[in-house]
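For reference, the structure discussed in these notes is given below.
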Amino acid sequence: MRLDICRITPLAIAICLFGGCDAKKAPIEKGRQAVKEVVTQPFNALDAAKDSLKHSDDKQKAALEEANREIK
């Protein structure tokens, strides 16, 4: 029984240490990802607004050109 404890103890300590390192990295990575999303969200919204405005502007120009063709 004593030999089993001597063999298992270092293994258990190693697993706890390596598991602890992974456990610490996971919240940090999640936090970084959350910050990245919060920071990029306004830029994504701005890009979407620009695309929408450009699409609307193109549509309006096409409608004006069509109206000018009908008048001529």
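The values are calculated or read from the model by the stated rules, or taken from the named source; none is laboratory data. If you're wondering where the values come from, they're calculated on a predicted model, not measured in any experiment. A quick note on method: Cβ atoms are made from the backbone with ideal geometry, for glycine too, and the neighbour counts reach across all protein chains shown.
This table checks each residue for (1) at pLDDT below 90; (2) β-branched (Val, Ile, Thr); (3) part of a helix (DSSP H, G or I).
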position	(1), (2), (3)
Pro10	yes, no, yes
Asp22	yes, no, yes
Thr40	no, yes, yes
Phe43	no, no, yes
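All conditions in (1) surrounded by 10 or more Cβ atoms within 10 Å (Cβ to Cβ); (2) at pLDDT 85 or above; (3) over 22 Å from the mean Cα position of the chain (by Cα) hold for Lys36, with the sole exception of (3).
Pro27 - would you say it is surrounded by fewer than 10 Cβ atoms within 10 Å (Cβ to Cβ), assigned to a helix (DSSP H, G or I) and modelled with pLDDT of 70 or more? Against the criterion (surrounded by fewer than 10 Cβ atoms within 10 Å (Cβ to Cβ), assigned to a helix (DSSP H, G or I) and modelled with pLDDT of 70 or more), Pro27 qualifies.
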